[in-house]
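Notes follow once the structure below has been shown.
What follows is calculated from the coordinates using simple rules that are stated; it is not laboratory data. Quantities reported herein were computed from a predicted structural model and do not represent experimental measurements. All Cβ positions, even for glycine, are placed from backbone atoms using ideal geometry, and neighbour counts span all protein chains on display.
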Amino acid sequence: MSEIVYPPVIAAAKAMFRVLDLRIQVEGAEHIPASGGAVIACNHVSYLDFIFCGLGAQPARRLVRFMAKKEVFDNRVSGPLMRGMHHIPVDRSAGLGSYRQALAALQEGEVVGVFPEATISRSFTIKDLKSGAVRLAAAAQVPLIPMAVWGSQRLWTKGRPRTLTRRHVPISILIGEPLAPQRRDDYDAVTGDLRERLSTLLDRAQRDYPDTPAGPQDAWWQPAHLGGGAPTPETAAAMDAKTPE
């Protein structure tokens, strides 16, 4: 597969991270296989999560093909980049085509990135998960790798202004031990296990995060259960019902 676009994009992103002095920490990179197919299932707190999720696979020198909504590919700026990096468009009204494309990529030895919450979590906790990541990993017989990203919400998240030039922001990327879903498994049960593992990773990333809000006005990026100003999961669900993505 030709990789004309992806390497320069990664280089540009890393250069921006250095300029902004983002304090990026990756833990558990050894769980990303050096070769062969794999599904990465990542939490979703920011519009930038795909960048940091992909960065988590860089120690293994893997390029992640992300499943992203079709509208991103329709954009005149992001569309050519997404296609050039061989990401996978998802049409929510006709998802079978994207599933087959992702399955083919896995069978060809690619790493596919999935955000099983489907949309950004306003509460900064793990929402209920779609079972697609489990189904893909089981069908392709590849490992399913949980990953938690934290800190990216401070740069750009739902309902908040973009602060892409903010400097010195810590970004935590935690990668857990792989699951091995089988075709005969109860997919809902495995998805429940995945959710628990993502919740554990995210909770650890949040509690170990090396920064705290500067004051009450800055507490929006912390989850409510840790004393922050983010909406509770129940309030966030009600907000999503009013303004679905």
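Specify which residue in the list 141, 199, 46 is farthest towards the positive end of the charge dipole of the chain, using unit charges on the beta carbon of Lys, Arg (+1) and Asp, Glu (-1), about the Cα centre. My answer, from the dipole projection, is 46. Mind listing P(r) for segment 102-245? All alpha-carbon pairs, 10 Å bins, whole percents. In whole percents, the pair-distance histogram is 11, 37, 32, 17, 3, 0.
Along segment 8-20 the Karplus relation, 6.51 cos²θ - 1.76 cosθ + 1.60 evaluated at θ = phi - 60°, assigns HN-Hα couplings of x, 5, 4, 4, 5, 5, 5, 5, 5, 4, 5, 4, 7 Hz to successive residues, with x for each Gly and Pro. Calculate for the chain the 222 nm mean residue ellipticity that helices alone would give, adding -39,500 (n - 2.57) per DSSP H run of length 4 or more and normalising by residue count, nearest 500 deg cm²/dmol. Computed ellipticity for the chain at 222 nm equals -10500 deg cm²/dmol.
The alpha carbon convex hull volume per residue for segment 52-98 rounds to 81 Å³.
What FRET efficiency comes out for the pair residue 75/residue 180, r = Cβ-Cβ distance, R0 = 22 Å, nearest 0.05? E(calc), rounded to 0.05, equals 0.05.
Highest GNM mean-square fluctuation among 182, 217, 206, for the chain modelled with Cα contacts below 10 Å: 217.
Rounded to the nearest 0.05, what FRET efficiency do residue 234 and residue 196 have when you use their Cβ-Cβ distance and R0 = 22 Å? Numbers along the way, then the final one.
Numbers: r = 19 Å, r/R0 = 0.88.
Efficiency computed from Cβ-Cβ geometry: 0.70.
Couplings 3J(HN,Hα) of segment 199-206, computed from phi: 4, 5, 4, 5, 4, 5, 4, 5 Hz, in residue order, whole Hz [Karplus 6.51 cos²θ - 1.76 cosθ + 1.60, θ = phi - 60°; x for Gly and Pro].
Scalar couplings 3J(HN,Hα) for segment 38-52, obtained by applying the Karplus form with A = 6.51, B = -1.76, C = 1.60 to θ = phi - 60°, are 6, 10, 9, 10, 10, 5, 9, 10, 8, 6, 9, 4, 4, 5, 6 Hz; x denotes Gly and Pro. Shape class of segment 1-51 from the alpha-carbon gyration tensor: oblate, with a/c at 1.5 or above and b/c at least as large as a/b. The Rg/Rh ratio of the chain, with both radii computed over alpha carbons and Rh defined as the Kirkwood radius, is 0.94.
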